[in-house]
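The values are calculated or read from the model by the stated rules, or taken from the named source; none is laboratory data. Model, not experiment: these values are computed from the prediction. Backbone-built Cβ (ideal geometry, glycine too); neighbour counts: all protein chains shown.
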Amino acid sequence: MSRILLTRLVLPLVGIFAGSIAVHLYWSAGGFFINVAAGIFCTLVTVCYVDWTLRRHERERWQSTDTRIANRLRVFLNATVSGIRDGIGFGPEILGDLSPYDPITIHRAAMIAAEGIIAPALEQRIKALDQVGWESLARQIQNSHNGLLSFFAAFQARLAPEQIALLLDLQESLSQSVTYWNTFPDVMGVPEDQLPPKKTPGQVLQAEGCALAATALRKSLGLAKKLSATLRDQLPQQIASAE
């Protein structure tokens, strides 16, 4: 039941029902108030039943479409985690044995690797990136960012409010992770003896850029896991069978 229906119709009717019963206990008034309460009760039952029926019909009508959207969100999350993994130099072997091919098993392995392997290694791996490595990481992040925008534009109307909020946060954290690379491409990943002279020492910019990238990417991985958790309501049987 929607919040508007609950607060603007159901709760006021419940209040009138309870009030009518209370008044009847002290003043029967020829049964007037008990009749009012009975009418309100019938109205409440009708409203709740109609609302439940319409919502069930809507859910069944969109079930197949919502499942397909959930599958596409799962694929997007896999790609985002894989882009970060590849950008900091991890190979697909950290996902473990994925044979035979199963989309849900691959997704679950990606989420486990994101939390247990990729996130703890972010600082060390990012500090070790050279300019080529930073360029590769930035390209992967940009691909994920573009994919997020495309997914959001296509399916926003069928996403839950929680999913929309998490996707917006993910978009922001992905953008933040390459802020220093986009601003100082002549500094990030450059050897110390080749850093160009700047008002702020290049070593300071590098340290700040690496710290920001690690923090933002760790947040991105956490948001990907939270988004993955929302899929349990849309793909419960598939996920349960994989576990």
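Odds and ends about this structure:
- Test result for A153, on the phi < 0 side of the Ramachandran plot, surrounded by 14 or more Cβ atoms within 10 Å (Cβ to Cβ) and not in a loop (DSSP other than H, G, I, E, B): no
- Odd one out for Y26, checked against (1) at pLDDT 85 or above; (2) exposed (fewer than 12 other Cβ atoms within 10 Å of the Cβ): (1)
- Qualifying residue in the stretch 216-237 (condition: touching a helix residue (DSSP H, G or I) at 6+ places or on another chain (Cβ under 9 Å), farther than 22 Å from E115 by Cβ and outside any loop (DSSP other than H, G, I, E, B)): no
- Residue check for L170: of a type in the set (A, V, I, L, M, F, W, C) and under 17 Å from A79 (Cβ atoms): yes
- When residues of the stretch 88-105 are limited to those that are among the aliphatic types (A, V, I, L, M) and surrounded by fewer than 17 Cβ atoms within 10 Å (Cβ to Cβ), the one modelled with the highest pLDDT: I94
The rows are residues; the columns are (1) at pLDDT 90 or above; (2) of a type in the set (A, V, I, L, M).
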| residue | (1), (2) |
| --- | --- |
| N182 | yes, no |
| K198 | no, no |
| P201 | no, no |
| A214 | yes, yes |
| L227 | yes, yes |
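- Of the residues screened, G189 is one that is in contact with a helix residue (DSSP H, G or I) (Cβ under 6 Å, 6 or more places away or on another chain), small (G, A, S), at pLDDT below 95 and farther than 21 Å from F76 by Cα.
- Criterion (farther than 21 Å from G91 by Cβ, at pLDDT 95 or above and surrounded by 13 or more Cβ atoms within 10 Å (Cβ to Cβ)) met by exactly one of L159, L170: L170
- Lone qualifier among A211, A216 - being closer than 17 Å to L122 by Cα, in contact (Cβ under 8 Å) with a residue 40 or more places away in the chain and surrounded by fewer than 18 Cβ atoms within 10 Å (Cβ to Cβ): A211
- Pick from the stretch 91-132, criterion of a type in the set (S, T, N, Q) and touching a residue at least 24 places away in the same chain (Cβ under 8 Å), ranking: nearest to M188 (Cα to Cα): Q131
- Residue pairs meeting the criteria (Cβ under 7 Å; at least 6 apart or on separate chains; first touching a residue at least 24 places away in the same chain (Cβ under 8 Å), in the stretch 171-197; second of a type in the set (K, R)): S173/K219
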